[in-house]
1. In the range 31-53, which residue that is surrounded by fewer than 16 Cβ atoms within 10 Å (Cβ to Cβ) and of a type in the set (S, T, N, Q) is nearest to the chain's Cα centre (by Cα)?
2. Would you please name the residue that is farthest from I110 (Cα to Cα), looking only at residues in the range 12-43 that are part of a loop (DSSP other than H, G, I, E, B) and in contact with a helix residue (DSSP H, G or I) (Cβ under 9 Å, 6 or more places away or on another chain)?
3. How many of the residues making up the range 133-161 are of a type outside the set (V, I, T) and in contact with a Leu (Cβ under 7 Å, 6 or more places away or on another chain)?
4. Give me a count of the residues in the range 165-186 that are part of a strand (DSSP E or B) and either buried (at least 17 other Cβ atoms within 10 Å of the Cβ) or free of Cβ contacts under 8 Å to residues at least 40 places away in the same chain (or both).
5. Within the group L70, L90, which residue is closer than 21 Å to N11 by Cα and either out of contact with any Leu (no Cβ under 8 Å at 6 or more places or on another chain) or not in a strand (DSSP E or B) (or both)?
6. Can you confirm whether the range 229-238 contains a residue that is modelled with pLDDT under 60 and charged (D, E, K, R)?
7. Which of the numbered conditions does F113 fail, given that it passes all the others? Conditions: (1) surrounded by fewer than 13 Cβ atoms within 10 Å (Cβ to Cβ); (2) assigned by TED's automatic domain parsing to the domain that holds K88; (3) not polar (S, T, N, Q).
8. What number of residues within the range 111-137 are in a strand (DSSP E or B) and either without any contact (Cβ under 8 Å) to a residue 40 or more places away in the chain or within 30 Å of S100 (Cα to Cα) (or both)?
Amino acid sequence: MRNTYTFRIKNHKPATFPMERLGEYLVQISKILGEPNSVHFDNVHEGSVAIEIQVDEIAEIRVRDRYKTLNKTDTPIDVKNASEALNKLLREDNTSATFSPTDTLVSAEIIEFPGVKAPIPQRIGPIKQPSELQGVIVSLRGKDKSKHVILEDQGESISNIEVNEGLALELREFMFDATIRLSGEGKWFREPDGNWTLASLKATSFSVLEDKPLGDLARELRSYDLGWSAEEDPIKQLKDIRG
């Protein structure tokens, strides 16, 4: 026996809704429900775009527990990401949607996807805070007293970094050679998707990081004499110290 659910996209008709777009919705619905071998696409009904989904009885409880986390604070990250992706699709299609057991009249059983109705997250900032950036200096230039640095870290370029002339002279000898950590006051934006973007860093100090291979670092740590080698039973000694 299978249990049936409906994902209803409002203000659209099956006859005019692109099949490729329908597939994008199905991918995200599948991620929310989980249990890929037990969740099946069944039909699209007339009226609005009403996608009928069937769930094998063996997976029913797990599927129900999973999608119901959308109304809670402990939503699994993959369910949350799929929900956000669905709402993004709905915003782009200028609509909203609901998900529920088919023909239910219980409002608590209906999951709302507000889509276009939801407030659009705003960019926040700039926010000032002490910040550090690190990488290899690949550019150091400027005609006035302030100089501009570009770092490269793991193939990614980091720009909008400013240093004064004195610091620039110190940094010059490390260009293309060493990994540098720059410290100072950063300005950041929090983007609508929750990620942080650097607006600028006014660096006032730096340190040179050692680019030692992991094996060398491990050997160096083992070389330190912490006194344990002189102990007949270091585990017992550690227990005695801890009481």
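The values are calculated or read from the model by the stated rules, or taken from the named source; none is laboratory data. Because the structure is predicted, anything quoted here is derived from the model rather than measured. Cβ: placed from backbone, ideal geometry, glycine included. Neighbour counts: every protein chain shown.
1. Only one residue fits best here, namely N37.
2. For the range 12-43, the residue satisfying everything is N37.
3. Going through the range 133-161 one residue at a time, the tally reaches 7.
4. Taking the range 165-186 as the starting set, the residues that turn out to be part of a strand (DSSP E or B) are 179-186.
Still in the running and either buried (at least 17 other Cβ atoms within 10 Å of the Cβ) or free of Cβ contacts under 8 Å to residues at least 40 places away in the same chain (or both): 179-180, 182, 184, 186.
Residues meeting the conditions: 5.
5. L90
6. yes
7. Looking at each condition in turn, F113 falls short on (1).
8. Total satisfying the criteria: 3.
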